[in-house]
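Participant: Pasting a structure here, questions to come.
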Amino acid sequence: MAEVNTSKLKELLQIYADRIVTQAKENLEKNKKGGGDLYNSIKNEVDVEKGVFLLSFFMEDYGKYVDKGVKGVTSTYPATSAALSKFQYGTGTGKKGGLTEGIDKWVRKKRFQFRDKKGRFMSYNDMSFLITRSIWNKGIEANTFFTRPFIAIGNQIRDVFFDEFILEVENQSIFGDDKKR
């Protein structure tokens, strides 16, 4: 039997992968999280190796926490799916000081400062501490910016991709047999 031409199937898979990336970025924009490092890092790659289709998605490491949410140490957002997340602060499995480091970097990058009771700007270190403590205790609400389009478009592509694959196999079988005769 002739080998199936995978170029059309790869092209179809690339179209759907691009849609997932586009919708994930649109979801970030809707939630006012667009335009940053996470938004710019979302990419995909489609490859075919020995007849096996490989679809990979890439984003900043913290994207999985934004997508799935993180349970807090003392409480979590009760009406969100963060309560169902496998991620939780205080388990000792994450990088020591990673949250503090990330928040400090963000506060300085955004030049974000509260004012104290006397109206003076608080230091970046104080700001980082307050924000980190709040996130540590309350957690991060699940955004599902990536999960939603991945599931929805994944369900669409499964049917279309299978139909295209069957057509390609039938075309190869029909035309392949004629060439041999």
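The values are calculated or read from the model by the stated rules, or taken from the named source; none is laboratory data. Remember, predicted model here, so these are calculated numbers, not experimental data. Cβ placement follows ideal geometry from the backbone for every residue including glycine, while neighbour counts extend to all protein chains displayed.
Participant: Could you tell me whether any residue of the stretch 144-151 is at pLDDT below 90, assigned to a helix (DSSP H, G or I) and surrounded by 16 or more Cβ atoms within 10 Å (Cβ to Cβ)?
Facilitator: Checked the stretch 144-151: no residue is at pLDDT below 90, assigned to a helix (DSSP H, G or I) and surrounded by 16 or more Cβ atoms within 10 Å (Cβ to Cβ).
Participant: Take the residues in the stretch 36-70 that are part of a helix (DSSP H, G or I) and free of Cβ contacts under 8 Å to residues at least 60 places away in the same chain, then tell me which one is surrounded by the most Cβ atoms within 10 Å (Cβ to Cβ). First the steps, then the outcome.
Facilitator: So in the stretch 36-70, the residues part of a helix (DSSP H, G or I) come out as 37-41, 63-68.
After this cut, where a residue has to be free of Cβ contacts under 8 Å to residues at least 60 places away in the same chain as well, the list is 37-41, 64.
On the way: Asp37: 12, Leu38: 21, Tyr39: 17, Asn40: 12, Ser41: 13, Lys64: 16.
Applying the filter and picking the extreme gives Leu38.
Participant: So, one more: May I ask you to list pairs of residues, at least six apart or on different chains, whose Cβ atoms are under 9 Å apart, with the first in the stretch 89-106 being more than 17 Å from Gly69 (Cα to Cα) and assigned by TED's automatic domain parsing to the domain that holds Thr132 and the second being at pLDDT below 75 and basic (Lys, Arg)?
Facilitator: Sorted first by the residue in the stretch 89-106, then by its partner, the pairs are Glu101/Lys95.
Participant: Taking Lys8 and the conditions (1) closer than 28 Å to Phe162 by Cα; (2) modelled with pLDDT of 80 or more, which numbered condition does it fall short on, given that it satisfies the others?
Facilitator: (2)
Participant: Would you mind telling me which numbered condition in (1) in a loop (DSSP other than H, G, I, E, B); (2) surrounded by 15 or more Cβ atoms within 10 Å (Cβ to Cβ); (3) at pLDDT 85 or above Thr76 fails?
Facilitator: The single condition Thr76 does not satisfy is (3).
Participant: Let me ask another. Could you grab me the full set of residues in the stretch 128-154 that are hydrophobic (A, V, I, L, M, F, W, C) and in contact with a strand residue (DSSP E or B) (Cβ under 9 Å, 6 or more places away or on another chain)? Before you say what the answer is, go through the steps one by one.
Facilitator: Restricting attention to the stretch 128-154, the residues satisfying the condition of being hydrophobic (A, V, I, L, M, F, W, C) are 129-131, 135-136, 140, 142, 145-146, 150-153.
Matches in the stretch 128-154: Ile135, Ile140, Ala142, Phe146, Phe150.
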